[in-house]
Amino acid sequence: MTQPQTSADVAVIGLGRVGLPLALSFADRGLRVIGVDNDPVRLGAVREGVMPFQETGAQELLERVHGTGRLELYERVADAARARHIVITLGTPSFSHIEIDMRDIRSALDDLLGVLTPGHSLILRSTVAPGTTEFVAGYLAKHRGFQIGEEVFVAHAPERIAAGRFLEEIDTLPCIVGGVGARSGEVAGELFGVFRAPLVQTTPVQAELAKIWANILRYANFALPNLLMMDCERYDANVFEVIDLINRDYPRGGIAQPGLTAGTCLRKDFAFSEERSNAPGMLLAVSRVNESVPLFLVEGMRRRLGSLSDRKIAVLGLAFKADTDDERDSLAHKLVRLLERELADIAIHDPHVPTPTAPLEQVLQDADVVVVAANHSEFRTPATLAEISTLASDGCLVVDPWNCWGSGQVFAYTAELAPVGVTAAAAGQEVPPPPATDRARSRGRSPSDSPRIR
Ligand SMILES: NC(=O)c1ccc[n+]([C@@H]2O[C@H](COP(=O)([O-])OP(=O)(O)OC[C@H]3O[C@@H](n4cnc5c(N)ncnc54)[C@H](O)[C@@H]3O)[C@@H](O)[C@H]2O)c1
């Protein structure tokens with residue numbers, strides 16, 4: 001097989017939350033790596049040895065790789081052709097037209113067209129709509145006349161790792177590889193074989209579908225308890241008690257817990273399937289349920305307190321999920337925007353995100369409402385609950401769709417939460433929520449006694 005004249009083993013184009021940990025991991029396995037990103041600030045941080053975002057263990061990894069000289073950084077995509085394998089980890093947002101936005105990928109392809117030579121492999125690690133890998137192969141064949149799978153290799157090896165778990169899961173999660181033509185899968189497998197995770201060879205479109213539908217499954221899984229939470233409010237029922245009734249000792253249970261479900265992947269990946277769906281609208285409905293949770297919470301506050309104008313509302317958490325600094329597509333921001341439209345006085349605290357926020361004590365002081373938007377571990381402690389009880393105004397409404405303190409109520413007043421906090425403090429940590437019937441008993445009323453508080 002022809003080998004291109006290369007000075008590196010692998011190039012990673014797009015040093016974001018997927019690309020940078022991947023480039024560092026390749027270098028850590030002894031490969032000579034080229035990292036490409038068009039953001040000079042990001043490249044500057046990496047050159048200085050500073051991770052531009054939080055990823056467990058990545059700062060130490062960056063420092064380890066820094067001294068080896070195995071990571072070279074460039075701004076131009078064409079420099080990626082100095083490596084035999086080229087991995088694309090660029091963003092793939094969706095247009096509001098329910099269609100993948102491939103502009104970054106198209107632009108990188110155009111930059112690479114003139115510099116690719118026989119022997120190169122191009123591997124899409126980004127999440128893409130079904131058919132995109134074949135499109136990329138067709139594009140290279142059309143414009144350069146390459147025999148894909150014989151001369152130049154094109155494959156999809158989707159990133160399936162969860163934020164915060166990269167370094168653990170790169171060696172454990174099965175790595176799906178869908179290659180175009182005779183040998184692309186094998187060539188991509190040679191590269192990803194440097195990790196210990198098992199390789200699973202399949203077709204390109206099956207690799208694309210597997211990645212997208214894993215995210216669709218999660219998105220729909222969370223929409224169900226979110227819809228149930230809204231239904232429970234309508235029927236004056238307690239969602240946590242209903243979930244406990246569904247799941248307890250029932251072999252066909254397993255419904256998830258409610259919460260704010262979003263983030264850059266879940267919010268857009270369903271659109272890649274929806275763009276050619278056999279059931280147009282089904283997944284849009286899933287999206288609409290998750291997207292309406294912030295409004296549901298604001299309306300729940302209004303039902304209990306009346307106008308929110310001039311009320312102090314403490315928002316805990318801006319990130320899209322627990323224990324990350326990633327705010328992209330977070331529903332916490334949507335919640336804040338909705339509260340602004342109610343003319344509320346909003347104070348925000350998040351210990352992780354880059355957006356500047358206020359200290360916890362300042363945010364809680366005299367708050368009329370405390371709403372947990374992201375369930376960071378820092379919040380899920382008896383100490384935080386005690387601070388809310390001490391600092392917030394008398395009769396403060398606590399809005400907690402995550403059930404952070406095991407109270408089992410989406411909307412509760414601080415007086416109701418105090419006994420839960422005392423129990424948890426006595427145990428020295430979080431306590432799991434008691435079973436539904438016990439919780440009802442411990443509150444001294446039946447599950448449907450209190451129409452106002454859920
Ligand atoms: N973030 C996740 O947890 C995650 C998980 C699985 C899959 N994915 C998928 O992986 C892909 C990348 O996601 P991400 O979160 O790492 O995105 P990101 O926005 O964090 O990273 C993209 C990087 O590409 C750079 N870039 C943009 N245009 C460029 C260009 N023309 N040339 C060079 N660099 C350019 C940006 O500066 C940025 O650093 C997406 O398809 C996403 O859906 C992400």
Return the ratio Rg/(2.2 N^0.38 Å) for region 56-159, where Rg is computed over Cα atoms only. 1.19
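Averaged per residue, what accessible surface does region 302-360 expose to a 1.4 Å probe, in Å²?
Accessible area per residue, region 302-360: 46 Å².
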Cα-Cα P(r), region 94-244, percent of pairs per 5 Å interval: 2, 9, 15, 17, 16, 13, 9, 6, 4, 4, 3, 2, 1, 0
Which residue, PHE320, ALA220, VAL36, has the largest displacement toward the positive end of the dipole of the chain when charges sit on each Cβ (Lys, Arg +1; Asp, Glu -1)? ALA220
Search the structure for amide H atoms under 5 Å from the amide H of VAL398, placed 1.01 Å from N in the peptide plane, and list their residues when 5 or more places away or on another chain. VAL370, ALA412, TYR413, THR414
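State to the nearest 20 debye the size of the charge dipole of the chain about its Cα centre, where the only charges are +1 on K and R beta carbons and -1 on D and E beta carbons.
Dipole about the Cα centre, nearest 20: 740 debye.
Could you tell me what percent of the DSSP beta bridges with both partners in the chain are antiparallel, to the nearest 5?
Roughly 15 percent of the beta bridges in the chain run antiparallel, per DSSP.
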Packing-ranked peptide list from 59-71, 144-156, 387-399, highest mean Cβ count within 10 angstrom first, is 144-156, 387-399, 59-71
Determine the sum of side-chain charges near GLY178: Lys and Arg each +1, Asp and Glu each -1, restricted to other residues whose C-beta is under 10 angstrom from that of GLY178. -1
Positive-pole candidate from MET282, VAL336, VAL370, dipole of region 242-395, charges at beta carbon: MET282
Distance from region 91-152 to region 155-188 (C-alpha centre basis), Å: 17
Sticking with the crude label model, points 7 Å out along Cα→Cβ, report the distance from GLN147 to GLU299 in nm, one decimal please. 6.2
Accessible area of region 146-283 divided out per residue, in Å², using a probe of 1.4 angstrom: 46
For the chain, what are Rg and Dmax over the alpha carbons, in angstrom? 24.8, 77
List every residue whose amide H lies under 5 Å from the amide H of SER94, counting only residues 5 or more places away in sequence or on a different chain, with H placed 1.01 Å from N in the peptide plane. ASP101
Could you tell me how far the Cα centroid of region 1-56 sits from the Cα centroid of region 331-403, in Å? 37
Using a 1.4 Å probe on the protein chains only, how many percent of the accessible area of the chain belongs to carbon and sulfur? 52
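Excluding PRO356 itself, calculate the net charge of residues whose Cβ lies under 14 Å from the Cβ of PRO356, where each Lys or Arg counts +1 and each Asp or Glu counts -1.
Once all neighbours under 14 Å are counted, the net charge is -3.
The values are calculated or read from the model by the stated rules, or taken from the named source; none is laboratory data. Here the structure is a predicted model, which means the values were calculated and not measured. So basically every Cβ, Gly included, is an ideal-geometry build from the backbone, and we count neighbours across all protein chains shown. Heads up: the accessible areas ignore ligands, DNA and RNA and are worked out on the full protein's heavy atoms, side chains in. Shrake-Rupley method; radii C 1.70, N 1.55, O 1.52, S 1.80 Å.
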